[in-house]
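The values are calculated or read from the model by the stated rules, or taken from the named source; none is laboratory data. Owing to the predicted nature of the structure, the values given are computational and were not obtained by experimental measurement. Please note: Cβ atoms are built from the backbone with ideal geometry, for glycine as well, and neighbour counts cover all protein chains shown. These accessible areas exclude ligands, DNA and RNA; they are computed on the full protein's heavy atoms, side chains included. Shrake-Rupley method; radii C 1.70, N 1.55, O 1.52, S 1.80 Å.
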There are 2 protein chains.
Amino acid sequence: MISDKKKRVTIKDVAQAAGVSTQTVSRVMNKFSYVSEDTRKRVEEVVERLGYNPSALARSLIQRRSYTLGVVTSGLKHIGPSRTLNGVADKADELGYMLLMKELDNFDNSRVGEAIDSLLARQVDGIVWAAPEIGDNHSWLDERLDRIPVPVIFLSMRPRKGVFSVATDNYQGGAMAIRHLLGCGRKKIGHISGPLAWWEAVERKRAWRETLIEAGLDAREEHCAEGNWSAASGEQAFIRLLESYPDMDAVFVANDQMALSVLREAARRGVSVPSQLAVVGFDNIPESAYFHPSLTTVFQDLQLLGEQAAQIVVEMIQARQQEQPTFAQSKFIQPALIIRESSQ
Amino acid sequence: MISDKKKRVTIKDVAQAAGVSTQTVSRVMNKFSYVSEDTRKRVEEVVERLGYNPSALARSLIQRRSYTLGVVTSGLKHIGPSRTLNGVADKADELGYMLLMKELDNFDNSRVGEAIDSLLARQVDGIVWAAPEIGDNHSWLDERLDRIPVPVIFLSMRPRKGVFSVATDNYQGGAMAIRHLLGCGRKKIGHISGPLAWWEAVERKRAWRETLIEAGLDAREEHCAEGNWSAASGEQAFIRLLESYPDMDAVFVANDQMALSVLREAARRGVSVPSQLAVVGFDNIPESAYFHPSLTTVFQDLQLLGEQAAQIVVEMIQARQQEQPTFAQSKFIQPALIIRESSQ
DNA sequence: CGCTAACATGTTAGCGATAACATAATATCA
DNA sequence: TGATATTATGTTATCGCTAACATGTTAGCG
């Protein structure tokens, strides 16, 4: 295989071949400026013939904008984050932006600065921070955020004053699940939470506790077990919960994967779902409709979450372009309860 | 919120503040060149103080390389493609590359040119084509590929002469599944395939047919039903298959999601798995270990697939840099059989 | 017919960095 | 001690494009 040493076709080559200035070629490529029909035709022909593809890089450099968004993700191997990324990608594409990705797994705060710098070095016009809030992994924000010269939007983050964010309304989702179980006549509702370092897990658990208390029922710590989102951890948590809360008649599980384990372990032990134990999950992964029994769950639209994030950050970019002020907002996306066999 | 109108700190600002030339600053930033200890200190201090972050854009322009890979993905909302992307991202990060993403769902070949151009316009050093081969969606390759001036590697594509590719060995995976079932004494093995426009689905089906024939057994068209990878389609396919092949004693299902439906539908109809019907899936999604019964499946390492792709494309880039020739190769990654309850 | 407005094109400068070359000071060695 | 190598720094010319300004040409109007 012979390596092609063909040089890149530049605007100069086109200009020369068409017998015009580079500026004229630039005008043809970017429309909306005075070029005679005649010249336009001629230039377009040359462009076609030489296969000219303008360097977005050079353009970004002079225009000081790249039509590129930076996306910081984490846990991409899980379905949730990749759904979100998909939403961001779709909307960005629709709005004429590309995505520059930075995966940031198990990160300590020291790697954050690096990640941001590497995005900014490439002139991204805005940043979508799609790594979830875990422990204090967003603490860098206080001292670093206002030194970032482009708009940033955060996903799945606890609302903060002066910061743009979008998240599923985890509290509402949890409350819906519990109210549904209450509506089905259940009174002893346990909870298998996600890892409580996660903001989202805390919110779902808080919804469980507060909704039960509002209804005048018990929500003690022994009625709850903590998992780490994985099916394996769900099994363990369920086993512990069965011991600490033996007469429980329903369980709200913080995600579908752990709920799957609950269904299986219940089947194994001859605990009948839903008659003896009602189960409600969270997420609505595609498989959950095909669990046995099918799983009642809280649907969160992560695709939409991503789309909204991209939309908002682009609006922020445009506002800044036009020197309009923007006002930080924390947006919530409402989840929906999907009732299936496991709860009734 | 007042918008910061602070200008970007450039190499010139640093040079001026430190009382040296921009070239010297450049030398300090890039190491490995003669700079006195004294000057280096001074410049580094200024860099720190002003918060200078060199423009990768400007550097890319003059160096004609961006340390960025283009990734073309498809179906990111599914777990498979995002696992692969995760692999690419991890390895790219490790090798000092960033990722410029282009999502290409339901694409016709006309959008392909656009996608490639938009990546090339941003000077990507290489391209990872992670959109699977479906129908003739790779036909553009013949006439376009050698006009792409950077290395390209294709994932999950039928091997082609003169083209770099990496894929799971789907045929081997299928063969493993069938041989395992034969080893368990099954003789009437049905198949639920993926959509046969997909190369991967075709390979798995071919493995089913040929392995059975090698063993002197039947593999007729009525023993097979086609799904579209989704759990819903799996259910339908299984129902059809039960009619066209009523005395089947095992079924090889082309992915785990469809296999999940098979397990559920079997349970519903009182068909006992594995005693009456053995089931083997493909993929090893995390949930499959927690199906009831747990699912025997063929594990394909998509993370590794992505990593290998990134690794190879970077090697190609380096080879080209040093004007070494490269020789196209089609690489296969071996899957592994994971035996669980559903087959024995 | 002269004056302005709209159209059409070209020229120059510069985005922010590095390559390539030039220069000067110091160190090393025959 | 002069020649050569090493170290340290600066100058100039791009990379490929567009902004900003300049200049000409044609059309429209009172």
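If I filter the range A:228-239 for residues that are more than 10 Å from chain B (Cβ to nearest Cβ), of a type outside the set (D, E) and open to solvent by less than 10 Å² (accessible area, probe 1.4 Å), do I get at least one hit?
Yes, there is a match, as at least one residue in the range A:228-239 is more than 10 Å from chain B (Cβ to nearest Cβ), of a type outside the set (D, E) and open to solvent by less than 10 Å² (accessible area, probe 1.4 Å).
Would it be correct to say that A:K102 is open to solvent by 60 Å² or more (accessible area, probe 1.4 Å), within 8 Å of another protein chain (Cβ to nearest Cβ) and away from DNA strand C (no atom under 15 Å from the Cβ)?
Answer is no for this residue.
Suppose the filter is under 20 Å from the mean Cα position of the chain (by Cα), assigned by TED's automatic domain parsing to the domain that holds B:K205 and of a type outside the set (D, E, K, R); does B:G234 pass it?
No.
Considering only the range B:319-335, state which residues are surrounded by 14 or more Cβ atoms within 10 Å (Cβ to Cβ) and not in a loop (DSSP other than H, G, I, E, B).
Once the filter is applied, which keeps residues that are surrounded by 14 or more Cβ atoms within 10 Å (Cβ to Cβ) and not in a loop (DSSP other than H, G, I, E, B), the range B:319-335 yields B:A319, B:R320, B:S330, B:K331, B:F332, B:I333.
Can you tell me which residue within the range B:255-280, out of those that are touching a residue at least 40 places away in the same chain (Cβ under 8 Å) and outside any helix (DSSP H, G or I), is surrounded by the most Cβ atoms within 10 Å (Cβ to Cβ)?
B:V280
Just give me the residues in the range A:242-254 being buried (at least 24 other Cβ atoms within 10 Å of the Cβ) and over 18 Å from A:Q300 (Cβ atoms), in sequence order.
Hits for the range A:242-254 are A:A250, A:V251.
Please state which of the following conditions B:E210 fails to meet, knowing it meets all the rest: (1) away from every other protein chain (no Cβ under 13 Å); (2) open to solvent by less than 20 Å² (accessible area, probe 1.4 Å).
(2)
Evaluate the following for B:T84: is it modelled with pLDDT of 95 or more, among the β-branched types (V, I, T) and within 16 Å of DNA strand D (Cβ to nearest atom)?
No, not satisfied.
To keep it simple, each residue is scored yes or no on (1) without any contact (Cβ under 8 Å) to a residue 40 or more places away in the chain; (2) in contact with an Asp or Glu (Cβ under 7 Å, 6 or more places away or on another chain); (3) over 30 Å from A:D301 (Cβ atoms); (4) facing chain B (nearest Cβ under 7 Å).
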residue	(1), (2), (3), (4)
A:K7	yes, no, yes, no
A:A17	yes, no, yes, no
A:S26	yes, no, yes, no
A:Y34	yes, no, yes, no
A:E37	yes, no, yes, no
A:G70	no, no, no, no
A:D93	yes, yes, no, yes
A:M98	yes, no, no, yes
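Here is a yes/no grid of residues against (1) over 30 Å from B:I285 (Cα atoms); (2) away from chain B (no Cβ under 12 Å); (3) touching a residue at least 60 places away in the same chain (Cβ under 8 Å):
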{"residue": "A:H292", "(1), (2), (3)": "no, no, no"}
{"residue": "A:Q308", "(1), (2), (3)": "no, yes, yes"}
{"residue": "A:V314", "(1), (2), (3)": "yes, yes, yes"}
{"residue": "A:I333", "(1), (2), (3)": "no, yes, yes"}
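Being assigned to a helix (DSSP H, G or I), open to solvent by less than 30 Å² (accessible area, probe 1.4 Å) and in contact with a Pro (Cβ under 8 Å, 6 or more places away or on another chain) narrows it down to one of A:L141, A:L85, A:L120, A:L57, so name that one.
None of the others qualify; the one that does is A:L120.
Please determine whether any residue of the range A:154-168 is open to solvent by 10 Å² or more (accessible area, probe 1.4 Å) and not in a loop (DSSP other than H, G, I, E, B).
Within the range A:154-168, none of the residues are open to solvent by 10 Å² or more (accessible area, probe 1.4 Å) and not in a loop (DSSP other than H, G, I, E, B).
State whether the residues of the range B:183-196 include one that is in a helix (DSSP H, G or I), without any contact (Cβ under 8 Å) to a residue 40 or more places away in the chain and in contact with a helix residue (DSSP H, G or I) (Cβ under 6 Å, 6 or more places away or on another chain).
No, every residue in the range B:183-196 fails to be in a helix (DSSP H, G or I), without any contact (Cβ under 8 Å) to a residue 40 or more places away in the chain and in contact with a helix residue (DSSP H, G or I) (Cβ under 6 Å, 6 or more places away or on another chain).
Among residues belonging to the range B:60-81 that are in a loop (DSSP other than H, G, I, E, B) and away from DNA strand D (no atom under 16 Å from the Cβ), point out the one that is nearest to B:I127 (Cα to Cα).
Only one residue tops the list, namely B:S74.
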